1. Find the centroid of the Cα atoms in the stretch A:18-37 and in the stretch A:59-135, then give the distance between the two in whole Å.
2. Can you put A:Asp88, B:Asp288 in order, fewest other beta carbons within 10 Å first?
3. Only four residue types carry charge here, +1 at the Cβ of Lys and Arg and -1 at the Cβ of Asp and Glu. Report the dipole size of the protein assembly as shown about the Cα centre in Debye, rounded to the nearest 20.
4. Once you average over the residues of B:252-264, how many Cβ atoms of partner chains fall within 10 Å of each Cβ?
5. Tell me which GluC sites (Glu not before Pro) from the stretch B:107-186 have a DSSP coil assignment and no more than 16 other beta carbons within 10 Å of their own.
6. Just flag the chymotrypsin sites (Phe, Trp or Tyr not before Pro) in the stretch A:1-63 sitting in loop per DSSP whose Cβ has no more than 14 other Cβ atoms within 10 Å.
7. Any idea what % of Cα-Cα pairs in the stretch A:1-74 are farther than 21 Å?
8. From Cα pairs below 8 angstrom and at least 6 apart in sequence, can you work out the relative contact order of the stretch B:2-121, rounded to a whole percent?
Amino acid sequence: MFYKLNNKAIKNSLSEQVQEISAQNVFDCYQCGNCSSGCPVVDYMDISPNQVMRLAQFGAIQEILDSETIWICSTCLQCSSRCPKGIDVSKVMEAFRAINLRKRFSKVEPNKTQIQNIKETPPILLVSAMRKMTG
Amino acid sequence: MNLPYYPGCTLKANASHFEDSAIKAMEILGHQLVEMKDWVCCGTVFSQTDDDLMLHLASIRNLLRAKEQGFDELVTLCSMCYNTLNRSKAFIDSDPDNLKKVTDFMYRENIEYDQDIQVYHLFNILKDRIKYETIEKLVHNPLKSLRLGAYYGCLLVRPKEFAIDDFEEPTIIEDFLRILGAEAIDYPYKLECCGAYQTLTQKDVSVKRCYEILNSAKKANCDAIVTSCPLCAYNLDFLQKEIEKEYVGFVNIPVFYFTELLALALGHTWEASWSELHAVDPLPLLKDKQLI
């Protein structure tokens, strides 16, 4: 992807918010790509996990907030368990979701899901999706 | 011996055969799963945000409720409950500030949250307390010639601090299947995500994930998959209808809860109500292997 570097934008209030919510230092990342190579759903993402980390280092937070990636991530923790720098990448992803959700944004509407048969749908599916994707 | 037990939402609904088979199998092993009273949802997915304690309150309240009833441990069957209860507990316990805020918030409770409660998965109990060797002696109906693929998914092994076994190369389920007399097959996708709650919004993601997992197991010649997570079980079992449409030539494969196989191996009869809750009927396989 194309992103124009801007010196002034690197430290901004949104990037500080990400670090505060996730309690992770995104500047620890040295772009080895282990997170993206282990991610089971990376082929559905518009920005790969290591690109998310790089953009976060550049302060390009809005680009990540608007991406599909943060909603495709299902918090399986493969990235976090394999990061050689010990960054909990899934926490960083959660921070981006949280910033959106705290503005009352919802990724899923309860009446617009892909469920065909509600009787055979387990509560664990409905509750977990609503917890992760509704604000 | 009585074991305080936390069921969680799905074991009271779509996975009631998971609970039923666990209770019956544990009875044969001489242990009663005693359901705690007044439990609420564990919160399902653990909140990874560092600054919002509200999202951990449901878990902590369950622990408090159990303590109030005189329990100092809780056993879960569902992988997600195990993961969420344990991680929320660790998150709150590890930080004195968090602990104080949560305790202050719950000031109207009858007792104070004192952290002195342990959460175990049933696999911990079977392996460490009852011991696999003891179970092996009680197996009356060995699952001979059944080739089973253990599916751990995410929640039993990640994060590694809460893994029930080695987080990259676990064998706790394989060892369990072997003592039941079955052949435990290793296959590459046993720790991969099934797509989880994406089934609600991006079903194609879960369908592809489940196809890859099931196909990987089938390539290794598994007759069936064994799991302990109701969300994985739902995705792997019920999405096979979609997988059949998407991937030509895909042949169904049954998905079991580990407790169903435990009960069966211990000599409990297979119950028709268990079959009804499966999407892919496991009966033809069990009949073929002369297990029922």
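1. Rounded to whole Å, the Cα centres lie 17 Å apart.
2. Ranked by crowding around the Cβ, least crowded first: B:Asp288, A:Asp88.
3. Charge dipole, the protein assembly as shown, about its Cα centre: 840 debye, nearest 20.
4. Average per residue, whole number: 0.
5. Here the GluC sites (Glu not before Pro) that fit, given the DSSP loop and packing criteria, are B:Glu109, B:Glu112, B:Glu168.
6. A:Phe2, A:Tyr3, A:Tyr30
7. 23 percent
8. About 29 percent, as a whole number.
No lab work stands behind these numbers, since they all come straight from the coordinates. These figures come from a predicted structure and were not determined experimentally. Neighbour counts run over all protein chains shown; Cβ positions are idealised from the backbone, glycine included.
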